[in-house]
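Supplied in structure tokens, the structure appears directly below.
Rule-based calculations on the coordinates, nothing more; no lab input. Just so you know, these numbers come straight off a predicted model, no measurement behind them. In this analysis, Cβ positions are derived from the backbone assuming ideal geometry, glycine residues included, and neighbour counts consider all displayed protein chains.
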Amino acid sequence: MSAILETKNLDKFFRDPVDFQALKKVNIAVERGEFISIVGSSGSGKSTLLYVLSTLDTDYEGHIYLAGEDLSVKTKNELAEIRNEKIGFVFQFHYLLPEFTVLDNVMLPALKLGKYSDAEIRKRALEKLGMLGLVDQADKKASRLSGGQQQRVAIARALINDPDIIFGDEPTGNLDSKNAQLVFDIFRELKEKYNQTIMVVTHDMNLAAQTDRTIRLHDGEVVASELIV
Amino acid sequence: MSFFKSPSFRIAMTHLLSKKRQTIVAMLGVTFGIAIFIFQAGLMSGFQTMFIEQTVNTSANIRIYNDVQGERPSLLDRFHDDGKTWNVVRNQKPEVEDPKLKNGKQLMDIISRHPDVAGVSPFIGSQAIFKLGIAQISGRVSGVEIEKENAIFSVEKYMIEGDLRKLETTPNGIILGEGLAMKLGAKVGDNMFVVSPKGIGLDLKVVGIHKSGIVELDNSRAYINIRNAQKLLNVDGSYITDLNIKLKDINKAKPLSVYFQEKFGYTAQDWESANANIFSVFKIQNMVTYLIIASILIVSGFGIFNILMMIIYEKLPDIAILKATGFKDKDIRTIFLTESLVIGILGGLLGLAVGYALQQIVGHIKMDVRGFVAMEYLQFNSSPAFFVFAYMFGLLATALAGYIPARKASKVDAIDIIRSK
Ligand SMILES: Nc1ncnc2c1ncn2[C@@H]1O[C@H](COP(=O)(O)OP(=O)(O)OP(=O)(O)O)[C@@H](O)[C@H]1O
Ligand SMILES: [Mg+2]
């Protein structure tokens, strides 16, 4: 089985304020349907790695392959399309558009993609919201929801275009332990039921322990990639 | 999918609605700019059009005359010009002293047969002193064949009293300019006395009052029959000083004047050169007006710039997530350009309405302006083309004002935003 996401000798340098290597020869491979956590101390390069992998940051050396495609040769616009169609994001902050309804927020990336009709997109968005127990909130303004609900809406939005992989940068960082557990349960379910590939940065070792595999970073290097049994 | 249903458009509208007050202020800025445009430039352009129309109606398309003021090299220059000495000849007599057009009648026949010519009117101009009772005013008499003159200058249209044909049918009629008549206290039917510089006087009877609308003319000019003018100047019946020509196509005035001048050896002046001073005043006027309007629109532009920068600053997280979820730089740019254009389109439409209303209101106030030209009401340019032009101008200003913020928004680095949250 070939990897859905693979890196070859990924290096990342920051030149400002001083020359600093944030990622050092990172070689990882992620199988489809894997639920992976990235851990490491603060400043070890977890976010940096996630931004590079998710094509938001294009200033790196080495290669990244998503579903076999070399991302390092793509133009900015091609990468935008790839993010739209194949990558889902969940950040620490929910980044919902506050004036739009929950349903609109979830539909937005699909409207941008334009693969389905508006009616179809609506139906799919409601499905995703249903999976996350949020159908009754669909017509509320996003800004009216609780933090835990907002984060689940963000997950629904990440799922709307059936991405190859979902990246989460401390998606539970702003949540209490109950809501954090709920989010991880959802990820777990997505992986089990829909074979969704998920890669999440976390500081919480209890949560990391619930993933299939943990990648540990130290000073920009992968120091361990342990399978959890 | 139509643009109005696209996420970009919906996002743009949401942004504007989330800042209603500032949006309205920015819109009113555009409204103000366009309204001033419509009012100010409309007034100027209306005035200039009217002035040009009146000029075209009251001055010949081409005037042929004998220019006695022409400089000529002195005899001394002709025989002693070694480049080392200055030749000074003072008070040189003009070569031609009499502005007579020789063979004027024949010239007239030739010119009136030219296919581009609609009509020719012979003319004798002279200074004169008008006397009525104790009033005594100097001015100019125009000796004309009134039918021909009327064909060219629509004299009849501008008669406010009396009958212009009486100039032909009575032996000693005179038609006074409105201002001149007023100064003399003359009314139709009054007898008056006209004296030429040659000292010859004629008893004339006022048969009409004429108002061309060009104040200077109306204050000083009187029409008399060309024969009477010849009597005043003590010249024979073939004597004329000018030929005034009306063309079928006024735009041919310049080339034809050059042609006539070469062909006949007399000065031929087209109406535009004759009024060159005024046209250059118009040019400066237009420049100043459009500068003022441009500065108003620049200020309106700042309003738009300002509100967009505010929105962008506030919506940085939105921009970051839109970019993360696949919106391209150009999509982001479209969102903010749309915002500026919505402000421009709506503010501009309102500006057109306000400008039109201003034109209507001010255009219906009786002004009785007496300057350059006399008019009762201000004349505005209210042609659709002018409104379209003003609107386009406004939209252009809006688009320019929106472009810089929109570009800035499109260049926002999503990672910078996400890291700082
Ligand atoms: N834009 C930048 N310019 C310079 N250095 C940077 C920049 N962004 C990150 N770094 C540095 O790169 C290193 C890795 O940062 P990163 O944010 O990836 O750490 P992290 O593992 O996500 O930490 P945390 O757990 O605190 O979120 C840090 O030393 C950080 O200071
Ligand atoms: Mg981090």
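Return the pairs, sorted by first residue and then second, in which the second residue is part of a loop (DSSP other than H, G, I, E, B) and buried (at least 20 other Cβ atoms within 10 Å of the Cβ), the first residue lies in segment B:207-236 and is among the acidic types (Asp, Glu), the beta carbons are less than 9 Å apart, and the residues are 6+ apart or on different chains.
As it stands, the answer is B:218/B:212, since those pairs meet every condition given.
On to the next question. Considering (1) more than 14 Å from every other protein chain (Cβ to nearest Cβ); (2) assigned to a loop (DSSP other than H, G, I, E, B); (3) within 16 Å of ligand 2 (Cβ to nearest atom), say which one residue A:174 fails and leave the rest.
Unmet for residue A:174, out of (1) more than 14 Å from every other protein chain (Cβ to nearest Cβ); (2) assigned to a loop (DSSP other than H, G, I, E, B); (3) within 16 Å of ligand 2 (Cβ to nearest atom): (1).
Can you work out which of the residues in segment A:180-229 that are part of a loop (DSSP other than H, G, I, E, B) and within 18 Å of residue A:10 (Cβ to Cβ) is nearest to ligand 2 (Cβ to nearest atom)? I'd like the intermediate steps shown before the answer.
Of segment A:180-229, the ones part of a loop (DSSP other than H, G, I, E, B) are A:195-196, A:202-204, A:209-212, A:219-220, A:228-229.
Now drop any that are not within 18 Å of residue A:10 (Cβ to Cβ), which leaves A:219-220.
Numbers: A:219: 14, A:220: 13 Å.
Across segment A:180-229, the extreme among qualifying residues is A:220.
Starting from residues that are more than 16 Å from ligand 2 (Cβ to nearest atom) and of a type in the set (A, V, I, L, M), keep the ones in segment A:37-66 and report whichever is farthest from the other protein chains (Cβ to nearest Cβ).
Among residues in segment A:37-66 that are more than 16 Å from ligand 2 (Cβ to nearest atom) and of a type in the set (A, V, I, L, M), the one farthest from the other protein chains (Cβ to nearest Cβ) is A:64.
Collect the residues in segment A:139-171 that are among the charged types (D, E, K, R), more than 14 Å from residue A:84 (Cβ to Cβ) and away from ligand 2 (no atom under 16 Å from the Cβ), keeping them in residue-number order.
The initial filter retains those residues of segment A:139-171 that are among the charged types (D, E, K, R), namely A:139-141, A:144, A:152, A:157, A:162, A:164, A:169-170.
Subset that is more than 14 Å from residue A:84 (Cβ to Cβ): A:139-141, A:144, A:152, A:169-170.
Of everything in segment A:139-171, those that are among the charged types (D, E, K, R), more than 14 Å from residue A:84 (Cβ to Cβ) and away from ligand 2 (no atom under 16 Å from the Cβ) turn out to be A:139, A:140, A:141, A:144, A:152.
Also, I was wondering about something else. Please go through segment B:186-234 and pick out each residue that is closer than 18 Å to residue B:59 by Cβ and either assigned to a strand (DSSP E or B) or among the small types (Gly, Ala, Ser) (or both).
Step one: filter segment B:186-234 for residues closer than 18 Å to residue B:59 by Cβ, giving B:210-223.
Those that are closer than 18 Å to residue B:59 by Cβ and either assigned to a strand (DSSP E or B) or among the small types (Gly, Ala, Ser) (or both): B:210, B:212, B:213, B:214, B:220, B:221, B:222, B:223.
Here is a further query. May I ask you to say which residue of B:322, B:291, B:346 is touching a helix residue (DSSP H, G or I) at 6+ places or on another chain (Cβ under 9 Å), under 17 Å from residue B:30 (Cα atoms) and part of a helix (DSSP H, G or I)? Break it down into steps so the answer makes sense when it comes.
Values: B:322 fails: under 17 Å from residue B:30 (Cα atoms); B:291 fails: touching a helix residue (DSSP H, G or I) at 6+ places or on another chain (Cβ under 9 Å).
None of the others qualify; the one that does is B:346.
Also, I was wondering about something else. Specify the residue that is nearest to ligand 2 (Cβ to nearest atom); the eligible residues are those in segment A:25-35 that are closer than 15 Å to residue A:217 by Cα and surrounded by fewer than 21 Cβ atoms within 10 Å (Cβ to Cβ).
The first filter runs over segment A:25-35 and keeps only residues closer than 15 Å to residue A:217 by Cα, leaving A:25-29.
Retained after the next criterion (residues that are surrounded by fewer than 21 Cβ atoms within 10 Å (Cβ to Cβ)): A:25, A:27-29.
Numbers: A:25: 20, A:27: 21, A:28: 17, A:29: 22 Å.
Looking at residues that are closer than 15 Å to residue A:217 by Cα and surrounded by fewer than 21 Cβ atoms within 10 Å (Cβ to Cβ), I get A:28.
Do we have residue A:102 as more than 14 Å from chain B (Cβ to nearest Cβ), out of contact with any Gly (no Cβ under 6 Å at 6 or more places or on another chain) and more than 16 Å from ligand 1 (Cβ to nearest atom) here?
So residue A:102 passes the test.
Which of the residues spanning segment A:105-120 are farther than 16 Å from residue A:154 by Cα and more than 8 Å from chain B (Cβ to nearest Cβ)?
Once the filter is applied, which keeps residues that are farther than 16 Å from residue A:154 by Cα and more than 8 Å from chain B (Cβ to nearest Cβ), segment A:105-120 yields A:115, A:116, A:117, A:119, A:120.
Out of curiosity, is residue A:33 on the phi > 0 side of the Ramachandran plot, near ligand 1 (Cβ under 9 Å from one of its atoms) and not polar (S, T, N, Q)?
Values: on the phi > 0 side of the Ramachandran plot: yes; near ligand 1 (Cβ under 9 Å from one of its atoms): no; not polar (S, T, N, Q): yes.
Spelling it out, it is not the case that residue A:33 is on the phi > 0 side of the Ramachandran plot, near ligand 1 (Cβ under 9 Å from one of its atoms) and not polar (S, T, N, Q).
Filtering segment A:38-62 down to residues that are more than 17 Å from residue B:413 (Cα to Cα) and more than 13 Å from ligand 1 (Cβ to nearest atom), which residue is surrounded by the most Cβ atoms within 10 Å (Cβ to Cβ)?
Going through segment A:38-62, the residues more than 17 Å from residue B:413 (Cα to Cα) turn out to be A:38-46, A:61-62.
Adding the requirement that they be more than 13 Å from ligand 1 (Cβ to nearest atom) leaves A:61-62.
On the way: A:61: 12, A:62: 16.
Step by step, filter segment A:38-62, then rank; the result is A:62.
For residue A:69, which of the numbered conditions (1) more than 26 Å from residue A:152 (Cα to Cα); (2) within 13 Å of chain B (Cβ to nearest Cβ) fails to hold?
With (1) more than 26 Å from residue A:152 (Cα to Cα); (2) within 13 Å of chain B (Cβ to nearest Cβ) applied to residue A:69, the lone miss is (2).
Would it be correct to say that residue B:160 is of a type in the set (A, V, I, L, M), exposed (fewer than 15 other Cβ atoms within 10 Å of the Cβ) and more than 33 Å from the chain's Cα centre (by Cα)?
Spelling it out, it is not the case that residue B:160 is of a type in the set (A, V, I, L, M), exposed (fewer than 15 other Cβ atoms within 10 Å of the Cβ) and more than 33 Å from the chain's Cα centre (by Cα).
Give the residue that is nearest to the other protein chains (Cβ to nearest Cβ), with candidates limited to residues of segment B:293-325 that are surrounded by 15 or more Cβ atoms within 10 Å (Cβ to Cβ) and polar (S, T, N, Q).
The residue in question is B:325.
Determine which member of the set B:379, B:359 is assigned to a loop (DSSP other than H, G, I, E, B) and either away from ligand 1 (no atom under 16 Å from the Cβ) or of a type outside the set (A, V, I, L, M) (or both).
Numbers: B:359 fails: assigned to a loop (DSSP other than H, G, I, E, B).
Residue meeting the stated conditions: B:379.
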